[in-house]
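In what follows, a structure is listed as C-alpha cells, so that the remarks can point back to it.
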Amino acid sequence: MAESANADATFRSVLSTILEWSKTRPRWQRVALRKILQTDVVSDHDIQDLVSILRSEKENPTGNVHGKTLHEDDLPANPVITESVSITQINNVQHVNSLAADQEIRFSERGITVIFGGNGTGKSSYTRILKNACRSRHRDRILPDIHTPENKREIPTADIGFSTSTVYDSTLKWQYSDTPDKVLSAVSVFDRKCAAVHIQSKGNEIAFRPQGLDIPDTLVSVCKRVEKILTNEINSLEKAQNDIFNQSPWNSGTTVGQFAATISKDTSETYVDSLCAFSKSDEERLNYLTEILSKDIHRAAREQALKAERLRRFKFSIETEISRLTKEKLETILDQRKRVIEARQAAQASVSMLNEGGVLPDIGGEVWKRLWDAARKYSKEVAYREHTFPNTEDGARCVLCQQVLGEDAIRRMETFEAYVTGDLEMRAQEEHENYQTLRRNNLLSPINFKSHQDILEDINLSDPQLLKTVKRFLASIRLRQSIFKKIANDTQGMQLSDYTPSPINDLNVLIQKHQNAAKELNESTNEEGLAKLTSELAELRDRKTASVHRETFLNEIKRLKKISLLKECKKDTATRSITTLGNQIADDVITPKFKDRFQEELVGLVGNQVRVSIERSGGQYGSPIYTIGLLSSPSTDISTVLSEGEQTCVAVAAFLTELATSTHHSALIFDDPVSSLDHVWRHKVAKRLAEEAKTRQVIVFTHDLVFLNDLQDSADAVKVEFSSRHLTRTPKLIGIVNDNLPWVGMRVEARIDALQKEARRLRDIRNDLTQEKYNVEAAKFYDHMRASWERALEEKGVAGVIVRHRDYINAKNINKISALNLSVCEAWYEAWARCCDYVAGHDPSRGRNQALPEPIELLKECDSLLHWVGSIKNSHKRIDNSAKKQTAPVAAMN
C-alpha cells in the first residue's frame, strides 16, 4: 500500500511539475498543454487556433488573448484505493455509426469479460465510445450514421453504467466531447495506437514514456506543427515578393538599386517618397544624356571593328578575282595552249613516219598505243621474260600473230617501240598537263559572292550608293569571267570586257572609317567625364522607374514586417526547454523500482527470450531517450531483433507497469491488444491479463477466437470469473449483442445448452414443418451435434492436453487422458458415427430417402452427450483425488 501511495505521489508530481513549468511558458503552449492532457489528440483546427493565439501575443503582448490555459482542475483523477471504477454496461446508444440503439452490452464487474466480434460488427464503434469517455492516449473520431441525412445528424450519445467502491450502479449520460469524464478517466484503455508506453526504434535508442512523460513529447509535436505552419507562411510570403526585385530593372550601383537591395521592415515611407520623386527637369536631363550615350560604347567599338574586318576580307576577295582575270593571265593560258598543239603536232609527224608503207590506219593513235602496251607486257611477263622488247633474235616470233619475225617485221617493231618511248610524246603530255593546271587555277574557281551577303547589307547601311557601285562591279567581273573562259577555249573574235568603275578605293575609305570609329570609341571608354555622365544617366533612369513603383516599395515593407513577426513567433516553437522538462520528469519518475517492475512484467510476458536493460541517455524534442540493449549484446540494433509481437509485449509490460504506480484498481479495457502478435506471445498476454483480473475488472474486445480461448483457459487456470459476449450485424445495423459466443467459439457445455434449446424449438414447431423441411433442420442439428462430440473429445476427453491451433501441449493434464478407457471410447464413437449418418455433408442414395429422427430423439442425443461429458468430468475428479492422496505422504515426509 505504501509503495502504491509513493507511486501515486510520483505520478501526481509529474503532472504538478508540468503544471508549474507551464506557468513560465507562452500562453499558446499553456493552451496546448490543456488540450493534450484532456484529449491527447490535437486537431489541425486546434493547431490553427494555437497559431492565432501565438500571433496575437506577439502583435499585442499586453492585449487580451483568447484560449483557456492549463489549471489544477484540468489534471485527471487518480482516485484512492477505495474508489476503483468498473464499467457495468453500455446501452441506449444514439447516432454512433450504425450501432443499433436498442442493444445493451453488460460487463462482469469481476474477472474477464470478452467481447468478440468480426470485422464490421460494431466492435470498434463500442471501443470508440469507451476511448472517448475514459482515459485513452488515442481518441478516435466518432462518425455518425452515414445513412442519416446530414441535416438530421445529432451528437453521439449513450448511457454508460459504472460502479465505484462507494457508489453502486451509477449511469453516465455520455455525450461525444473533447474531454474524458472526470470519474471514468480512471479507467484506462489500451490498444496499439494508444499504448501508454511507446517504443520508437532509432538505432539502439528507444523513446520510452510512461504516463505523463508523453506530454512533453506531444507538446514538441504541437510545436513542430505550429512551426511548420509558420514556416509555410514565411515561405509563401518570401515567394510573394514582387518580381521587380528579382528582375532588377535598376542598376545595382545607383541609389535606387542599393535601396531595392537593402529595403527592410524598418524603411520609412518618407524615404520612399523622396526616392520616388521625379521632376520635369529630371526628365529633360534624362533625355539629353540618353541621346549622347544612346549606344553601348564597348559594344559599338566591337561592332565597328568587326565591320572593318569583314569589309577587308570582302575587298581581298574582289582583288583576288581581278588578279585572275588579267590579260596577262589570259595570254599565258593561250600561249600554253599553243605549245600543247605544237608538241602534239610534232608527235603526230613522228607517227606519220610510222604509217609510211603501212597497210593499217591510225598507227600511233590512242587505241594502237594500248595494243602496243599490252604486247610489251605479254612479251616481258610471259613469252620472253629474259629478253628485251621486242625480241629480235633469230627464230623470235611476233607476240601478236605468233609468226616468226622476218627482217622487215623486226625493223618495223623496233621503229614502233622507239616512237612510243621517244621524247616527242612525253613532251606533248607534259605541255598538256601544264595547260590543264592553268585552266583550273583561272577558269574553274569563280568567286562565290553569296557568302558575302551580310557584307552587302553592311555596305547598304553605311553607303547605299556604294552598294550600287559594288553590285555593278561584281556583275562586270562575272561577265569578264564568262568571256575569259570562252577565249581560253579558243573562241575566235572575242575580246575581254572592261570592268565598271572599281569600288576598291571607296571600300578602303569605308574600311578606314569603321577602323577609325572603333578606335575612337575604345579611347572614349577611358574618359573620366564619360564615366560621370554614364553614372548620372543610370541614376536618372532608375529614379524614373522607381517613381511608378512607390506602392510596390510600400507593399514590400509590409511583407517584410509580416515575415519578421512570423520569425519571432517561430522562436517560441523551440523545443530545448521542453526537452529539459522531459529529462527532469524522467529522472524523477523512472526510478530503479519502476525499472525493476518493468523487467518483471516483461519477463512475465516474454520470459528470458527478450532480456533488455534500460538506461536513460539524454533527451530530444521533449522525449527522454533510453538506450535499450540486449543484455547479451548491448550493441545490437534492437529494431532488427525485436519482432512486432515482442515490441507489443514491451508496450503491454510498460502499460501494466504504469498501472502498478496507481493507487486504484479501476477497470482495464483492451482493444485487440494482440491482433499483430505471433502465437507465442498471444498466450503470454492472455495469462498476464487473467492474473491482472484477480484484482480489477478486465474487458477485452477481440476478433481473435484463438486469443479468446487462451483468455478463457488462463482465467480457468487462476480461477477468475470469465464471461463473453458476441457482436453480430444485420444488413443495416451493427452491434447486435448476443450473450453467447458464435458456435465455433463455444465450449462444449454451452454447445449442449444451445443444442437442447434447438431440439425443443424443433419439437414445438414440428407439426408446422413438412418432412422435407424438417429433414433440413434435423440435418443441421446433427451437423452441430457431431461437431460438439469432436469438441467434447478435445476439451474433456484429452483434457485439453492438445488443442488445435494452440502452440503448446498442456502436459500437466496427461494423467487425465487415462479416463478414456475402451467403453468410453466406444460410446463416443457410436454417438459420433450415428451423427455422421444424418449430416447434410453426405449425399444419400436416391432409394434411401430416409426420414431423420424426431425431436424426442434429438433431445436424447443431447442427454447422451451430456452424460458422456459428465462421466469424463467425474473420472477427472477421481484422478485428481488419487493424485492428491499419492502426493500427501511425500509432502508430510518433507
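The values are calculated or read from the model by the stated rules, or taken from the named source; none is laboratory data. On a predicted model such as this, the values are computed, not experimentally measured, just so you know. Glycine also receives a Cβ, built like all others from the backbone with ideal geometry; neighbour counts cover every protein chain displayed.
Yes or no, residue by residue, for (1) of a type in the set (S, T, N, Q); (2) outside any loop (DSSP other than H, G, I, E, B); (3) over 21 Å from D671 (Cβ atoms):
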{"residue": "I105", "(1), (2), (3)": "no, yes, no"}
{"residue": "G120", "(1), (2), (3)": "no, no, no"}
{"residue": "D140", "(1), (2), (3)": "no, no, no"}
{"residue": "D145", "(1), (2), (3)": "no, no, yes"}
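Among the numbered conditions (1) touching a helix residue (DSSP H, G or I) at 6+ places or on another chain (Cβ under 7 Å); (2) at pLDDT 70 or above, the only one that G619 does not meet is (2). If only residues of the range 800-814 that are in contact (Cβ under 8 Å) with a residue 12 or more places away in the chain and of a type in the set (V, I, T) are counted, the one that is surrounded by the fewest Cβ atoms within 10 Å (Cβ to Cβ) is I814. None of A690, A759 is under 30 Å from R128 (Cβ atoms), at pLDDT 90 or above and out of contact with any Lys or Arg (no Cβ under 8 Å at 6 or more places or on another chain) except A690.
Go over the candidates W832, W868 one by one and state the one that is touching a Phe, Trp or Tyr at 6+ places or on another chain (Cβ under 6 Å), modelled with pLDDT of 90 or more and surrounded by 11 or more Cβ atoms within 10 Å (Cβ to Cβ). Steps first, answer last, please.
Numbers: W868 fails: touching a Phe, Trp or Tyr at 6+ places or on another chain (Cβ under 6 Å).
Result of the check over W832, W868: W832.
Would you confirm whether any residue within the range 73-86 is surrounded by 20 or more Cβ atoms within 10 Å (Cβ to Cβ), of a type in the set (S, T, Y) and at pLDDT below 85?
Residues of the range 73-86 surrounded by 20 or more Cβ atoms within 10 Å (Cβ to Cβ): 79, 84-86.
Next, from what is left, pick out any that are of a type in the set (S, T, Y): 84, 86.
Then drop every residue that is not at pLDDT below 85, which leaves none.
Among the residues of the range 73-86, not one is surrounded by 20 or more Cβ atoms within 10 Å (Cβ to Cβ), of a type in the set (S, T, Y) and at pLDDT below 85, which makes the answer no.
For the range 222-267, the set of residues classified as in a loop (DSSP other than H, G, I, E, B), without any contact (Cβ under 8 Å) to a residue 24 or more places away in the chain and surrounded by 11 or more Cβ atoms within 10 Å (Cβ to Cβ) consists of S248, S252, listed by residue number. Close Cβ contacts (under 8 Å, 6 or more residues apart or on different chains) running from residues in the range 330-346 that are within 18 Å of Q495 (Cα to Cα) to residues that are among the charged types (D, E, K, R) and outside any helix (DSSP H, G or I) comprise R337/D490.
For the range 777-797, the criterion of a residue being farther than 24 Å from D710 by Cβ and either among the acidic types (D, E) or not assigned by TED's automatic domain parsing to the domain that holds A750 (or both) is satisfied by at least one position.
Would you mind finding the one in V698, V685, V680, V706 that is at pLDDT below 90 and buried (at least 23 other Cβ atoms within 10 Å of the Cβ)? Let's see the steps before the verdict.
On the way: V698 fails: at pLDDT below 90; V680 fails: buried (at least 23 other Cβ atoms within 10 Å of the Cβ); V706 fails: buried (at least 23 other Cβ atoms within 10 Å of the Cβ).
After applying the criteria, what remains is V685.
Taking every residue in the range 290-306 that is outside the structural domain of E539 (by TED's automatic domain parsing) and more than 11 Å from A518 (Cβ to Cβ) and pairing it with any residue that is at pLDDT 70 or above and surrounded by 14 or more Cβ atoms within 10 Å (Cβ to Cβ), at least 6 positions away or on another chain, the pairs with Cβ-Cβ distances below 6 Å are L293/L537. Only one entry of R312, R302, R376, R339 meets the criterion of being under 60 Å from the mean Cα position of the chain (by Cα) and at pLDDT 75 or above, and that entry is R302.
In summary, V96 fulfils each of the numbered conditions (1) part of a loop (DSSP other than H, G, I, E, B); (2) surrounded by fewer than 21 Cβ atoms within 10 Å (Cβ to Cβ); (3) not acidic (D, E) with the single exception of condition (2).
Do we find that K687 is more than 51 Å from the chain's Cα centre (by Cα) and assigned to a helix (DSSP H, G or I) in this structure? Steps first, please.
Values: more than 51 Å from the chain's Cα centre (by Cα): no; assigned to a helix (DSSP H, G or I): yes.
In short, no.
If you take the residues in the range 487-515 that are farther than 30 Å from A308 by Cα and surrounded by 13 or more Cβ atoms within 10 Å (Cβ to Cβ), which one is modelled with the lowest pLDDT?
Of all residues in the range 487-515, those farther than 30 Å from A308 by Cα come to 487-497.
From what is left, the residues that are surrounded by 13 or more Cβ atoms within 10 Å (Cβ to Cβ) are 487-488, 496-497.
Values: I487: 76, A488: 73, L496: 76, S497: 78.
Only one residue tops the list, namely A488.
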